[in-house]
């Protein structure tokens with residue numbers, strides 16, 4: 001940081017030193033004004049520390065949302081008498097506070113309400129003794145424009161401290177909002193003697209925010225990369241220090257979640273920081289919603305296709321081209337792959353939408369990332385990062401992937417979809433010699449091959465390996481914007497449904513075996529609410545009616561062999577299985593199976609009448625099975641009504 005940057009607001013500080021050290025009452029207030037987020041509050045917070053070091057008395061209040069003068073005085077009271085305002089002094093404090101305040105109410109127009117004068121004449125106000133203790137102090141009123149008290153009345157109230165109490169007053173506000181009141185300018189001439197515009201002290205604020213970070217490793221990394229942070233802020237054309245502070249805090253959470261080897265890969269950490277800055281700024285601006293992050297790839301592909309189709313990269317044409325908001329965001333950060341962010345778009349959506357730092361997904365994505373590619377990295381993953389390849393490497397890897405594809409070496413649907421999407425995209429931009437129709441036809445044959453060879457996983461994959469609409473293996477699908485991709489996705493859905501019907505009976509028997517050996521795993525596989533986040537399961541059945549393929553008598557016989565804890569866990573997981581309406585449409589097929597299980601258990605209860613085991617089993621039926629059946633019956637009626 002150079003000296004000029006360090007002292008960008010030094011002229012303001014110099015004047016405030018003069019103003020606050022005056023031995024007499026100046027008779028006017030000083031206004032520090034600037035846009036929201038420009039660092040006014042941060043500047044005055046640092047200056048308050050300076051006043052404290054120089055033994056100045058200083059009372060500060062943020063007027064944000066305040067509706068009465070008594071609220072302002074309460075804020076002053078808390079600072080002057082922190083012991084009396086503490087929770088431990090709640091009752092005593094109220095009594096003493098009332099005595100100290102005396103005639104606390106400020107009734108300036110005799111209407112029995114706390115208010116202020118409608119003009120700037122000296123209000124008839126009897127200040128309580130505790131405020132008189134602030135004589136010769138400096139009063140600071142922040143967020144002036146965000147106060148709910150009428151502006152003219154509020155300034156009249158402030159003027160009393162300046163004109164009749166001989167106090168020094170600093171006002172902090174976004175003056176652009178104040179001037180919307182026609183009377184403001186007249187009032188300003190009487191009350192405010194000096195106005196300063198606070199300039200954005202980016203370096204000073206960033207240094208301060210970094211100093212608040214507890215982790216020394218993070219603090220050093222951010223300090224070493226202040227130029228990077230500043231450059232991206234300037235690239236964004238954004239001036240809001242509140243967002244900068246939030247970015248520092250968010251980065252601390254992300255960095256702490258990284259494994260050791262990732263923290264040592266400087267480029268990876270820097271790219272995470274860049275992505276965090278860009279997404280944070282654009283979300284704050286309203287240009288992007290968290291759910292739109294995954295759509296940036298689609299916007300990028302559409303833009304790329306248009307440019308290649310036109311066979312020109314004429315910058316003059318680019319300037320005249322109309323871009324969507326998402327394309328404008330992409331163009332604002334040309335050095336950053338916002339369309340293919342690390343770890344992936346869904347990870348960032350979860351982070352900004354729900355505040356989730358998905359460590360499992362983060363760790364999984366590292367192995368497929370370009371930062372840790374080696375000779376063991378699959379060629380299709382290397383091809384996914386085509387923008388990092390030389391011409392020769394691209395041709396060689398594309399040829400290898402093509403051989404693997406037509407040799408049917410890929411056994412995972414997610415990988416097949418990745419290769420399919422890459423082929424579509426390369427075909428569209430003339431980097432692959434097959435047409436989209438031929439690629440679609442060949443890939444459908446590939447899916448049929450997987451089905452015929454019994455290599456389709458019919459259950460829902462685990463969270464880490466799940467195929468979503470737009471990603472698999474922590475990498476977003478390329479070519480998703482093409483109609484051929486949507487057609488293949490629909491085709492895969494139909495093939496999977498067919499495979500499910502064929503394979504569910506054997507899956508039911510496998511599930512019964514799992515219930516007998518590991519009731520916790522059984523619970524997690526059938527019940528979404530019992531799934532423990534971060535636990536890797538090869539498959540789940542919380543959306544498939546697999547239980548109806550288990551004979552109720554066999555299920556009961558297996559259940560009764562379990563210990564009490566496992567037995568109750570299984571029954572509880574049945575109740576949890578049907579809680580969510582959005583997945584119950586297929587699970588309704590299990591209603592009759594569930595009723596059969598209930599009846600068989602009731603018979604078991606009767607056979608144990610007079611025994612505690614029978615009583616406990618009856619309670620479990622009531623708490624778990626009865627509730628599950630009621631829920632399914634309700635959902636069945638709802639669906640039938642919707643179909644009429």
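Of note:
- Residue within segment 568-578 that is over 26 Å from residue 497 (Cβ atoms), over 37 Å from the mean Cα position of the chain (by Cα) and surrounded by 13 or more Cβ atoms within 10 Å (Cβ to Cβ) present: no
- Count of segment 46-69 residues, restricted to those that are closer than 23 Å to residue 155 by Cβ and without any contact (Cβ under 8 Å) to a residue 40 or more places away in the chain, is 1.
- Scan of segment 224-241 for residues that are in contact with a helix residue (DSSP H, G or I) (Cβ under 6 Å, 6 or more places away or on another chain) and more than 22 Å from residue 41 (Cβ to Cβ), ordered by number: 232
- Flag set for residue 580, criterion: farther than 26 Å from residue 557 by Cβ and touching a helix residue (DSSP H, G or I) at 6+ places or on another chain (Cβ under 9 Å).
- Candidates 150, 181, filtered to the one that is within 39 Å of the chain's Cα centre (by Cα), farther than 28 Å from residue 17 by Cβ, at pLDDT 90 or above and surrounded by fewer than 19 Cβ atoms within 10 Å (Cβ to Cβ): 150
- Criterion applied to 317, 325 was being surrounded by 11 or more Cβ atoms within 10 Å (Cβ to Cβ) and at pLDDT 55 or above, and the one residue passing it is 325.
- Residues that are free of Cβ contacts under 8 Å to residues at least 40 places away in the same chain, touching a helix residue (DSSP H, G or I) at 6+ places or on another chain (Cβ under 9 Å) and part of a loop (DSSP other than H, G, I, E, B) within segment 413-453 comprise 431, 432, 433, 434, 435, listed in sequence order.
- Residue match in segment 354-365 (condition: modelled with pLDDT under 75, surrounded by fewer than 19 Cβ atoms within 10 Å (Cβ to Cβ) and not assigned by TED's automatic domain parsing to the domain that holds residue 421): no
- Residue within segment 181-202 that is out of contact with any strand residue (DSSP E or B) (no Cβ under 6 Å at 6 or more places or on another chain) and closer than 30 Å to residue 262 by Cβ present: yes
- Restricting attention to segment 331-345 and to residues that are more than 16 Å from residue 268 (Cα to Cα) and in a loop (DSSP other than H, G, I, E, B), the residue that is modelled with the lowest pLDDT turns out to be 339.
- Filter result for residue 392 (loosely packed, with under 13 Cβ neighbours inside 10 Å and either at pLDDT 80 or above or touching a helix residue (DSSP H, G or I) at 6+ places or on another chain (Cβ under 8 Å) (or both)): yes
- Boolean, residue 47 is modelled with pLDDT of 85 or more and closer than 30 Å to residue 182 by Cβ: no
The values are calculated or read from the model by the stated rules, or taken from the named source; none is laboratory data. Source: prediction; values computed, not measured. Cβ coordinates were reconstructed from backbone atoms using ideal geometry, including for glycine residues, and neighbour counts include every protein chain displayed.
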